[in-house]
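Have a look at the structure below before the remarks.
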Amino acid sequence: MARYTGSVCRLCRREGMKLFLKGERCFTDRCSIERRNYPPGQHGQARPRFSDYGNQLREKQKVRRLYGVLERQFRITVREAERMKGVAGHNLLELLERRLDNTVYRLGMATSRSEARQLVRHGHFTMNGRRLTVPSARVREGDVIGLTARGAKAARIEGALDAVDARALPAWLSLDKSQKTAEIVGRPQREEITIPIQEQLITELYSSR
């Protein structure tokens, strides 16, 4: 499967904001945005000028990189969001938030979405009592997320849970740190996504194709 293997800090610099792709490092002064807040490359410090299409493309790339989704999978998710009732842009963000790897990250069981994706693939998590290794699996209200026997002993998960109080837990999630289990108690809300995203630009980009 294709995947990005380069420096993820370059991705944040390209989008001009923190995408929190490096976990705890993003909260320190070692973050690349703090040091070099301009796009990578020899022309990075020039003032970029984007057309309407360029702005739409940049917004799409930002959201793709934030959630770690490849182009084909992202396009399928956009089409699914357009078929749902309500605002297509809000539907898109809800579908992305309900991914299992993102849910694990939101619960504070991983320091980044890429780490959460790896932990899920290695079989450290269960959903409703069944071991699940598909990061793109979607959670629903009433689902219970737990750890396998291996996951309960994983030092990376333990370390992430110790610092979970430093992050605000979304209202649609409920976490029991002592039992290392979580329950989906609602649906993701648009206002809970604090990173500035103009989702209407993404839907406009795909509707024009």
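The values are calculated or read from the model by the stated rules, or taken from the named source; none is laboratory data. Since the structure is predicted, the reported quantities are computational estimates derived from the model, not experimental observations. Cβ: placed from backbone, ideal geometry, glycine included. Neighbour counts: every protein chain shown.
Among the residues of region 150-161, is there at least one that is under 19 Å from the mean Cα position of the chain (by Cα), within 21 Å of Ile193 (Cβ to Cβ), in a helix (DSSP H, G or I) and modelled with pLDDT under 95?
Narrowing region 150-161 to residues under 19 Å from the mean Cα position of the chain (by Cα): 156-157, 160-161.
When the remaining residues are screened for being within 21 Å of Ile193 (Cβ to Cβ), the result is 160.
Within this subset, residues satisfying the condition of being in a helix (DSSP H, G or I) are 160.
Keeping just the survivors that are modelled with pLDDT under 95 gives 160.
Within region 150-161 (the criterion being under 19 Å from the mean Cα position of the chain (by Cα), within 21 Å of Ile193 (Cβ to Cβ), in a helix (DSSP H, G or I) and modelled with pLDDT under 95), the answer is yes, since at least one residue qualifies.
Among the candidates Thr111, Thr77, single out the residue that is hydroxyl-bearing (Ser, Thr, Tyr) and either within 22 Å of Glu183 (Cβ to Cβ) or outside any helix (DSSP H, G or I) (or both). So that I can check it myself, show each step before the final result.
Values: Thr77 fails: either within 22 Å of Glu183 (Cβ to Cβ) or outside any helix (DSSP H, G or I) (or both).
Selected residue: Thr111, the only one of Thr111, Thr77 that is hydroxyl-bearing (Ser, Thr, Tyr) and either within 22 Å of Glu183 (Cβ to Cβ) or outside any helix (DSSP H, G or I) (or both).
Is region 126-135 home to any residue that is crowded, with 17+ Cβ neighbours inside 10 Å and within 21 Å of Val63 (Cβ to Cβ)? Checking region 126-135: at least one residue is crowded, with 17+ Cβ neighbours inside 10 Å and within 21 Å of Val63 (Cβ to Cβ). For region 139-160, the criterion of a residue being in contact with a His (Cβ under 7 Å, 6 or more places away or on another chain) and of a type in the set (Gly, Ala, Ser) is satisfied by at least one position. Within region 168-183, being in a loop (DSSP other than H, G, I, E, B) and either over 17 Å from Ile157 (Cα atoms) or hydroxyl-bearing (Ser, Thr, Tyr) (or both) holds for Ala168, Pro170, Ala171, Trp172, Ser178.
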